[in-house]
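The structure appears below as structure tokens.
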Amino acid sequence: MIDIKKLYDTRFSALERVKKQKLWKRLCQDFLQQFINASDTVVDVGAGQCEFINNISCRKKIVIDINPDTKTFADSDVRVIISSIKHIKESLRQGSADVIFMSNLLEHLESKEEVFRLLHE
């Protein structure tokens with residue numbers, strides 16, 4: 001089993017994290033925001049350090065991540081669910097999201113079947 005906390009703590013340097021924040025802010029403002037309405041509920045699956053969800057404008061923000069430290073990265077208007085994506089159905093009620101976002105997540109799943117199951121759900 002991967003130590004997710006250690007992975008996040010060592011994956012990027014402090015300077016890289018700052019650059020990553022700036023990049024996500026620009027991506028959200030200049031491109032991704034056009035796909036999200038002010039009235040939408042947005043779910044960020046595998047939110048990591050919340051770069052996307054913190055920089056998007058919408059009515060309701062939810063993140064799902066296995067890393068307990070995700071709570072420290074999420075802005076105060078973000079509902080944080082600490083859970084494996086294997087339990088996404090239990091974490092979210094059906095129809096509760098208008099937009100679901102994932103970035104750099106699928107490659108961490110254990111099998112093609114797990115990818116297909118997540119996409120189906």
Hey, Ile56 surrounded by 13 or more Cβ atoms within 10 Å (Cβ to Cβ) and over 19 Å from Ile85 (Cβ atoms) or not: yes
Got at least one residue in the range 28-49 being in contact (Cβ under 8 Å) with a residue 40 or more places away in the chain and among the acidic types (Asp, Glu)? yes
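Mind counting the residues in the range 49-63 that are under 10 Å from Trp24 (Cβ atoms) and not acidic (Asp, Glu)?
Taking the range 49-63 first, the residues under 10 Å from Trp24 (Cβ atoms) are 49-56.
Add one more test, that the residue is not acidic (Asp, Glu), and what stays is 49-50, 52-56.
Residues in the range 49-63 being under 10 Å from Trp24 (Cβ atoms) and not acidic (Asp, Glu): 7 in total.
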Could you run through the range 50-79 and say how many residues are more than 23 Å from Phe12 (Cβ to Cβ) and without any contact (Cβ under 8 Å) to a residue 40 or more places away in the chain? 7
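Any read-out appearing in this document is the output of simple, stated calculations on the displayed coordinates, not a laboratory observation. Note that the coordinates shown come from a computational prediction; the quantities given were computed from them, not determined experimentally. Ideal geometry is used to build each Cβ from the backbone, glycine not excepted, and the neighbour counts take in all protein chains shown.
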